[in-house]
1. List the residues whose amide H sits under 5 Å from the amide H of B:Gly129, counting only those 5 or more places along or on another chain, with H placed 1.01 Å from N in the peptide plane.
2. First check a/c for region B:27-173, with a ≥ b ≥ c the square roots of the eigenvalues of its C-alpha gyration tensor; if it is under 1.5, answer rounded, and if not, answer prolate when a/b is larger than b/c or oblate otherwise.
3. Under 5 Å between amide H atoms, partner at least 5 residues away or on a different chain: which partners does A:Ser55 have, H built in plane at 1.01 Å?
4. For B:Lys62, go through the aspartates and glutamates and keep the ones whose alpha-carbon is under 16 Å away, minus same-chain ones fewer than eight residues off.
5. Between rounded, prolate and oblate, where does region B:64-138 land on the alpha carbon gyration tensor, with a ≥ b ≥ c its root eigenvalues, rounded for a/c under 1.5, else prolate if a/b exceeds b/c?
6. In the protein assembly as shown, what % of DSSP beta bridges are antiparallel (nearest 5)?
7. Once you charge only the Cβ atoms, +1 for Lys and Arg and -1 for Asp and Glu, what is the size of the charge dipole of the protein assembly as shown about its Cα centre, to the nearest 20 debye?
8. Please get the size of the charge dipole for region B:16-116, origin at its Cα centre, with Cβ charges of +1 on Lys and Arg and -1 on Asp and Glu, quoted in debye to the nearest 20.
Amino acid sequence: MLKYLFKRFALLLLAAVVMLPVFAAIEEIQFADEEQKARYQALIAELRCPMCLNSNLAGSDAPIAADLRAEIHEQILAGNSDDQILAFLVDRYGQFILYKPRLQAATALLWFAPPLLLLAGFFIMRRMLSNRRQLAAEQGSLSEQEQQRLQALLGNAGDSNTDKNDKNDDMTGANRG
Amino acid sequence: MSNRAKLFIPAVFFVAMLGLLFYGLGQNPNLVPSALVNRPLPEFSLPALFETNGVVGSEQLKGGIYLVNFWATWCAPCHVEHPYLVEISERETDITFVGVNYKDDVDDAREFLGERGNPFKLSLVDANGSLGIDFGVAGAPETFLVDQSGTIRYKHVGVIDNRVWDEVFVPLLAELR
């Protein structure tokens, strides 16, 4: 029984190994070396498909994405640098094709708005907290009248050290009244 | 500012944000600004669709107003657009309509124009879509308006019908004529 299962498993494993290159052949693209392949993968991951708007070239089935992947592949094989390839594509498809827009006058707001908003939020929060602390301090402090009454009570308490029992009676009396 | 007025700041901010997002919803996300507007026509030399061994080159598109239309028989919107192009080309005789048959079967393309009328004075074949990449085309149909100096003045993505023609192209042409 066990032997039979093992045999079956081995057969499945063999089939998987044999079929592996068949699957891989679907998107198999030839490069001179691993570095070129890595550059290709990085480029198609960071470039946006001009047709589908919300996916990169790597993840798009649109015909234009396939064309642009082929174009990038060709240019890498031709020895063009990443900058040259990006310039080629921006020249034709505009900044739009870059998922990470370049820092320019037109994109400055895009780059700086998030940190500026964060900073503004931080300052607003700090001011609110200090306002609240001030308010708490104001509410916590006593008015002049209250201060006098407190002093009077404390003063009485200080005097009463000698005759405790008497004072206690007074205090209870005052509390009741 | 009084504390009472301050309470309304988040509400105002919220309404402003809502307005901005609502405005964004009304925009067409497919209207990507073209990188080629106000730039010279890309240079090309490609086989003509009808004349065997004929070639259509960019130097032929000089000294007049040209409308370069990327189309294909596999593209459903191009079928919608085609009768309008035929009609407009008959009316606007001073504009040279140039048809770029984009990644198509040339026999199908010839048959299509033979049956339904040919609005194009010049027809060329972009079999692998390389001219499309030079024009920054994401898909068919796309149409470029070229002025007398060989400069691209406008790119239209999608179908041209009578409404688009009257609202978009007629004012642009009034400037050029």
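Bear in mind these aren't lab numbers, they're just calculated from the coordinates by the rules spelled out. Being a predicted model, the structure only gives us computed values, none of them experimental. Cβ atoms come from the backbone with ideal geometry, glycine included; neighbour counts cover every protein chain shown.
1. The answer is B:Lys103.
2. rounded
3. A:Cys49
4. Within the straight-line cut-off, B:Lys62 pairs with B:Glu43, B:Asp94, B:Asp147.
5. Cα axes put region B:64-138 in the oblate bin.
6. In the protein assembly as shown, approximately 60 percent of DSSP beta bridges are antiparallel ones.
7. For this selection, approximately 1600 debye.
8. For this selection, approximately 480 debye.
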